[in-house]
Amino acid sequence: MGENIMIYVSHLLQDEEMKELVEELQVGVESIEFSISENLDHLAEHIKTYRKRLQFIGAKELTLHGPFLDLNPVAFDSRVRRVTMERFIQCYEAAQELGAKKIVFHTCYHPGIYFLTGWAERMEEFFHEFLADRQEISIVLENVFDREWEPILEVKQRLPEPNFSLCLDIGHAHCMSPHPVEEWAQKLAGEITHLHIHDNHGERDEHLGLGKGTIPVREVLKNFQGREDCTYTIECNTKEDVRMSCRMLREIL
């Protein structure tokens, strides 16, 4: 079972290192290229350039990480909301062109700035519009600074679209939320189809290899054993941590 799960590696490393890992570990790539506004400003050109890079890397499976900096799906300012929609649509177009199967979008929620009252309703409104004629690529919503899991679950419950589900970032949940990451995994497991995998010591987002921090990895991942619909992206900053995390992930699952 562990050998058959679909694992991606975040394109945080140099292309030569990614090529080595893709060949060695038989993994896909999760690209961050189309989360960067400068690349979206020159979308057609960057799609062409990145396609060549993927060919060099040898990636057969692709997921995209969506844009998030300065964006907010629930913005009260109509122009901010409009730009957010435009950027999300551009990322979707890139996914179509490059054959990506999934796009990961942040919730873009920031505690202390936005209230949770009405948040899920406004997220539903935004993604209902976004998904209206965009059904062929899976969209997953990722926790980042979110302190509570209930509002994210409510968003999913309000959006029954078959290509919309949740992404659990175990590192973010561990260091950003007062609730244990095991609780996040248990409560959201039924709606999660993608996970971001890395470790930290519960104080900041370190993107360490599994086992180098304090996340109870086995307790978290046991909620996803046997789940053939779940995919995983390893988000580590070194080849060694990627290798170690990939081995542990396959062994547990």
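The values are calculated or read from the model by the stated rules, or taken from the named source; none is laboratory data. Here the structure is a predicted model, which means the values were calculated and not measured. Please note: Cβ atoms are built from the backbone with ideal geometry, for glycine as well, and neighbour counts cover all protein chains shown. Heavy atoms of the whole protein, side chains included, go into the accessibility calculation; ligands, DNA and RNA do not. Shrake-Rupley method; radii C 1.70, N 1.55, O 1.52, S 1.80 Å.
Pop out the ³J(HN,Hα) list for segment 14-23 in order, Karplus 6.51 cos²θ - 1.76 cosθ + 1.60 with θ = phi - 60°, rounded to Hz; leave Gly and Pro as x.
5, 4, 4, 5, 4, 4, 4, 5, 4, 5
Could you check how much of the accessible area of segment 1-122 is carbon and sulfur, as a whole percent, using a 1.4 Å probe? Please list the in-between numbers first.
Numbers: 3140 of 6250 Å².
Looking at segment 1-122 in its full context, I get 50 percent from C and S.
Could you give me D for the chain, from Stokes-Einstein at 10 °C and 1.306 mPa s, where the hydrodynamic radius is the Kirkwood radius over C-alpha pairs? Units µm² s⁻¹, please. Walk me through the numbers before you get to the answer.
Values: Rh = 18.3 Å.
D, rounded to a whole number, is 87 µm²/s.
Under a Cβ-Cβ cut-off of 11 Å, what is the net charge of the residues other than residue 220 that fall near it, where Lys and Arg count +1 and Asp and Glu count -1? Please report the intermediate quantities before stating the final value.
Working: positive: 218, 222; negative: 182, 183, 199, 219.
Surrounding charge for residue 220 is -2.
Given the options 74, 83, 144, state which has the largest fluctuation in a GNM of the chain using a 10 Å cut-off (strictly under) for Cα springs.
Its mean-square fluctuation being the largest, the pick is 83.
Which net charge results when you count Lys and Arg as +1 and Asp and Glu as -1 among the other residues whose beta-carbon is under 9 Å from that of residue 197? Mind dumping the intermediate values first?
On the way: positive: none; negative: 169, 199, 235.
Computed value for this residue: -3.
In the chain, once you exclude exposed GluC sites (Glu not before Pro) (DSSP loop, at most 14 other Cβ within 10 angstrom), what's the longest stretch remaining?
Details: sites that count: 136, 203, 228.
So the longest stretch without any such site is 1-135.
Identify the chymotrypsin sites (Phe, Trp or Tyr not before Pro) of segment 1-92 meeting these criteria: DSSP loop state and at most 13 other C-beta atoms within 10 Å of the C-beta.
Numbers: sites: 8, 34, 50, 56, 68, 76, 88, 92; in loops: 68, 76.
Listed in order of number, the matching sites are 76.
So what is the calculated 222 nm ellipticity per residue for the chain, using -39500 (n - 2.57) for each DSSP H run with n of 4 or more, over all residues, to the nearest 500 deg cm²/dmol?
Roughly -13000 deg cm²/dmol at 222 nm, from the helical runs in the chain.
Show me, for segment 56-67, the HN-Hα J-couplings you get by feeding each phi into the Karplus relation (A = 6.51, B = -1.76, C = 1.60, θ = phi - 60°), rounded to Hz, glycine and proline as x.
Going residue by residue, I get 5, 5, x, 6, 9, 10, 9, 10, 10, 9, x, x Hz, with x marking Gly and Pro.
Grab segment 141-250 and count how many Lys pairs have their alpha-carbon atoms under 24 Å apart, sequence gap of 8 or more, or different chains. Let's see the in-between values first.
On the way: 156/187; 156/222; 187/222; 212/222; 212/239.
Within segment 141-250, the lysine pair count is 5.
I'd like to check one number: the per residue accessible area of segment 1-67, probe 1.4 Å, reported in Å² as a whole number.
Details: 3300 Å² over 67 residues.
For segment 1-67, the solvent-accessible area averages 49 Å² per residue.
Relative contact order (percent) for the chain, with alpha-carbon contacts under 8 angstrom and 6 or more residues of separation?
Values: 470 pairs, mean separation 48.6, N = 253.
Reported relative contact order: 19 percent.
What distance in nm separates the simple spin-label points at residue 36 and residue 179, each placed 7 Å from Cα in the Cβ direction?
So the label points at residue 36 and residue 179 sit 3.5 nm apart.
In square nanometres, what is one fourth of the surface area of the convex hull spanned by the alpha carbons of segment 1-145? Kindly include the intermediate steps, with their values, before the conclusion.
Values: hull surface 39.4 nm².
Answer in nm², one decimal: 9.8.
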